[in-house]
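Comments concern the structure below.
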Amino acid sequence: MQEQIDQYTTEINAFSPANADELESFRIKFLGTKGIIKDLFDQFKSVGPEEKRVFGKVLNQFKQLAEARYQELQEKFKSEVENPASNIDLTLPGDGFNLGSRHPLSLVRNEIVDIFKRLGFVVAEGPEIEDDWHNFSALNFPEEHPARDMQDTFFIKKNNGRDDVALRTHTSSVQVRMMENGKPPFRAIMPGRVYRNEAISARAHCFFHQVEGLYIDENVSFADLKQTLYHFVQELYGEGTKVRFRPSYFPFTEPSAEMDVSCTICGGSGCNMCKYTGWVEILGCGMVDPNVLENCNIDSKKYTGFAFGMGIERITNLKYVIRDLRLFSENDVRFLKQFQTEII
Ligand code: PHE
């Protein structure tokens, strides 16, 4: 018996559990109701009185040793659970965390803004809820112009029985505010959200984004307009991109034009995106109509200028070959994460 106890003592002292399960097995093995100590006490009942005196003491000491060891190990485990730092391997690589990404429209807007900033344009903003004056009248829209019609414009409020307050239909309203509140020269671009009362489909939405530009000074000519926009296109789509201007009409510019670029997808040879014409339209532009300058208290004899406006969605579609406008506002992460960029 003594020999057995000695052996168990060595085992108990050397025992070092790797986890709480091993410690529990240790408890069951030695201290459990069917464990070794219980067994030794049972054997002890049958030894002679002489031996009982000697072994009683040894057995009790052994039992105390096992209990003390169990308690000690249990405390060690408890402190590791409560203080997990002691368990952490600091050499392991850390968990990465997901960075957000810029919305493709923001990426393209920033790119457009940066190009014009390098040319000395400042950024101006205005309200999305506009009155008739800033959105239409000051911009030389005739009283009966169809763009004022309920079909295009979300009117919000009437004044003296007439539709007056509306969600702006274009960022040209910011031009008016800028010219009214300042003195020429002006060189600014105006990015912002605009609204039109259209049924939502792959090709149209009830809101979208524009960047408008305005340049007013003495002796500004159509040649300045062309050179500025030509430079812009080379920066945005790369050297060698061709441009062409087609005559057009806007109430607030005279003459007016629409500008096409050689198709950014096929390079002009013809594809689905350019409907096999080799050209895609990206913006409207023109020389600011003298009526508009006068409406904003600017001397149209002394000053001239040009304006242009483009849809950011359209520019983005051409850049990333996106064919459904609805993707921009549905917040589908599978779409958005394709534009993963570092947030700075
Ligand atoms: N405001 C026009 C539009 O929304 C674009 C434009 C701006 C055209 C400035 C000419 C000059 O379509």
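The values are calculated or read from the model by the stated rules, or taken from the named source; none is laboratory data. Given the structure is predicted, the values throughout are model-derived calculations rather than measurements. Don't worry about glycine lacking a Cβ; one is built from the backbone with ideal geometry, like all the others, and counts go over all protein chains shown.
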Filter result for Thr253 (free of Cβ contacts under 8 Å to residues at least 60 places away in the same chain, within 16 Å of the ligand (Cβ to nearest atom), surrounded by 15 or more Cβ atoms within 10 Å (Cβ to Cβ) and of a type in the set (S, T, N, Q)): yes
Conditions (1) at pLDDT 95 or above; (2) touching a Ser or Thr at 6+ places or on another chain (Cβ under 7 Å); (3) of a type outside the set (S, T, N, Q): number failed by Tyr237: (1)
Pair list, Cβ < 8 Å and 6+ apart or interchain, from segment 281-302 residues that are on the phi > 0 side of the Ramachandran plot to residues that are of a type in the set (D, E, K, R) and more than 14 Å from the ligand (Cβ to nearest atom): Asn297/Glu180
Pick from segment 154-183, criterion more than 10 Å from the ligand (Cβ to nearest atom), under 13 Å from Val292 (Cβ atoms) and not aliphatic (A, V, I, L, M), ranking: surrounded by the fewest Cβ atoms within 10 Å (Cβ to Cβ): Glu180
Scan of segment 191-224 for residues that are of a type in the set (Val, Ile, Thr), within 32 Å of the chain's Cα centre (by Cα) and buried (at least 20 other Cβ atoms within 10 Å of the Cβ), ordered by number: Val194, Val211
Among (1) over 31 Å from the mean Cα position of the chain (by Cα); (2) buried (at least 20 other Cβ atoms within 10 Å of the Cβ) - the single one Gly240 does not satisfy: (2)
Top-ranked residue in segment 271-305 [being among the hydroxyl-bearing types (Ser, Thr, Tyr) and over 27 Å from Asp217 (Cα atoms); ranked as nearest to the ligand (Cβ to nearest atom)]: Thr277
Selection status of Gly94, surrounded by fewer than 16 Cβ atoms within 10 Å (Cβ to Cβ), under 19 Å from Leu225 (Cβ atoms) and more than 16 Å from the ligand (Cβ to nearest atom): no
Flag if Ala199 is assigned to a loop (DSSP other than H, G, I, E, B) and more than 15 Å from the ligand (Cβ to nearest atom): yes
Single unsatisfied condition, Val321 versus (1) surrounded by 16 or more Cβ atoms within 10 Å (Cβ to Cβ); (2) more than 24 Å from Ser173 (Cβ to Cβ): (1)
Segment 136-165, residues that are at pLDDT 90 or above and out of contact with any strand residue (DSSP E or B) (no Cβ under 6 Å at 6 or more places or on another chain): Phe136, Ser137, Ala138, Leu139, Asn140, Phe141
Subset of segment 204-250 [under 20 Å from Arg314 (Cα atoms), β-branched (Val, Ile, Thr) and not in a helix (DSSP H, G or I)]: Val211, Thr241, Val243
Segment 209-236 residues that are over 11 Å from Phe306 (Cβ atoms) and among the polar types (S, T, N, Q), paired with ones that are outside any strand (DSSP E or B) and more than 14 Å from the ligand (Cβ to nearest atom) (beta carbon under 7 Å, 6 or more apart): Gln234/Thr241
